[in-house]
Amino acid sequence: MKQISTNLLAVLCVMLLLFTACKKNSDFTVEGVVSGADGQMMYLENVGVSTVELMDSVKLTAAGKFSFTKPRPAFPDFYRLRLNNQLINFSVDSTETISFVADAGTFATSYSVEGSENCKAIKNITLAQLDANQAIHRLRKESESGLLADSVYSRHVLEAAEAYKDVARKYIYSAPMSAAAYFALFQQIDGLLFFDLYDKNDSKAYGAVATSFDHYYPESPRAKHLYNLALQSIKVIRSQRPMDLDKVEKKEVSFLDIELPDVHGENTKLSSVATGKVVLINFTAYMSEWSPALNMEFGDLYTRYHDKGLEIYQISLDSDLHFWKNAASNLPWTCVRDPQSVYSQTAALYNVKQLPAIFILDRKGNLVKRVDDVKKLEADIKSVL
């Protein structure tokens with residue numbers, strides 16, 4: 001009887017060990033130390049294709065130690081640690097333990113990471129993206145102060161963006177199936193992607209990552225999203241044809257006409273909207289933080305002054321077609337999108353250096369105002385009406 005009890009106990013111990021091992025093998029752990037953050041809250045968030053979900057949080061002590069253990073995702077996925085609006089992005093693609101060491105003051109930039117080569121790559125990509133952002137914002141200030149000619153400003157902005165893309169391409173083409181490659185592809189400046197979906201060279205990067213994700217993770221939502229973007233890119237690029245300027249009807253106009261597809265895919269000209277109307281022209285990016293508030297302001301103005309002759313012609317430079325369609329579909333004014341995104345020739349012709357950019361046409365089609373202060377927009381419109 002004693003022997004049977006001993007055997008039963010041994011079996012139960014083995015089962016418990018197996019259960020614990022299986023449980024551990026289905027989890028990942030994020031741990032580390034953050035100095036100088038005593039009493040501050042740190043959050044663990046899951047970054048989905050279109051949403052960010054709060055997963056857990058911890059109040060840091062003077063020791064700064066933290067540890068989160070969560071179920072391993074079915075496919076490579078992205079997460080971030082958030083402390084006082086500073087973010088550390090990382091990925092998880094296996095049952096792993098990822099360790100971070102950071103300081104509260106430089107949480108997002110000067111951390112160290114161990115346990116994942118993908119996470120090390122994501123740090124390098126993030127730093128390259130931050131360098132490009134800082135360079136472009138510095139150039140913008142110099143341009144606005146009159147210290148840079150427009151041509152010099154444009155050239156340096158493209159150089160800063162290209163410097164980021166040089167770093168990103170190393171990860172994209174060396175391991176296109178990696179989470180780091182995906183992360184590199186979708187970094188932004190002012191809500192716009194560095195890699196233009198409708199540029200022939202950038203399209204190759206989307207294609208490389210999309211093909212690899214479709215092969216290695218065919219059921220992943222990210223693979224399906226990438227595949228759709230790559231197909232859209234190929235479709236638009238193939239439809240582009242050289243223009244025979246000899247066949248273009250020539251007539252003098254007082255403003256530069258624009259013809260771009262609306263949410264239904266129909267090309268809509270600015271001139272068709274402008275006839276006999278006061279038109280507010282807006283270059284924007286719906287993915288930017290300021291976009292919802294700006295569109296609410298436009299909505300109030302449109303409600304008050306549309307019957308008096310106000311029209312709005314809004315040009316999106318968003319790189320994500322589906323995001324733009326969802327955001328623009330319920331707006332009552334004319335919404336079009338330039339697939340060239342940050343490389344928009346239309347925006348360049350209007351000398352758009354930053355978003356949002358707002359112009360006003362009078363009833364005769366004269367470009368009478370470039371709006372610098374949104375707070376004065378209503379007064380500007382009333383003066384033209």
Q) Out of the residues in the range 94-132 that are of a type in the set (Val, Ile, Thr) and assigned to a loop (DSSP other than H, G, I, E, B), which is modelled with the highest pLDDT? A) Thr109
Q.
Looking at the structure I just gave you, is Leu280 of a type in the set (A, V, I, L, M, F, W, C), modelled with pLDDT of 90 or more and assigned to a helix (DSSP H, G or I)?
A. no
Q. Which residue out of Ala168, Ala160, Ala210, Ala179 is open to solvent by less than 20 Å² (accessible area, probe 1.4 Å), closer than 21 Å to Glu117 by Cβ and free of Cβ contacts under 8 Å to residues at least 60 places away in the same chain?
A. Ala168
Q: Scan the range 314-347 for residues that are open to solvent by less than 20 Å² (accessible area, probe 1.4 Å), over 30 Å from Ser154 (Cα atoms) and of a type in the set (A, V, I, L, M) and report the count.
A: 0
Q) Of the residues Glu297, Glu311, Glu289, which single one is open to solvent by 10 Å² or more (accessible area, probe 1.4 Å), assigned to a helix (DSSP H, G or I), of a type outside the set (Val, Ile, Thr) and more than 21 Å from Gln340 (Cβ to Cβ)? A) Glu297
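Inspect the range 184-197 for any residue being part of a helix (DSSP H, G or I), open to solvent by less than 30 Å² (accessible area, probe 1.4 Å) and either touching a Pro at 6+ places or on another chain (Cβ under 8 Å) or touching a residue at least 12 places away in the same chain (Cβ under 8 Å) (or both) and give the result as yes or no.
Yes - at least one qualifying residue is present in the range 184-197.
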Q) Looking at the range 107-116, is at least one residue within 28 Å of Ala347 (Cα to Cα), surrounded by fewer than 18 Cβ atoms within 10 Å (Cβ to Cβ) and of a type in the set (Gly, Ala, Ser)? A) no
Q: Scan the range 80-93 for residues that are part of a strand (DSSP E or B) and open to solvent by 10 Å² or more (accessible area, probe 1.4 Å) and jot them down.
A: Arg80, Arg82, Gln86, Leu87, Asn89
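The values are calculated or read from the model by the stated rules, or taken from the named source; none is laboratory data. Please read all numbers here as calculations on a predicted model, not as lab measurements. Heads up, the Cβs are rebuilt from the backbone with ideal geometry, glycines too, and the neighbour counts pull from every protein chain shown. Please note that ligands, DNA and RNA were not included when accessible areas were found on the heavy atoms of the full protein model with its side chains. Shrake-Rupley method; radii C 1.70, N 1.55, O 1.52, S 1.80 Å.
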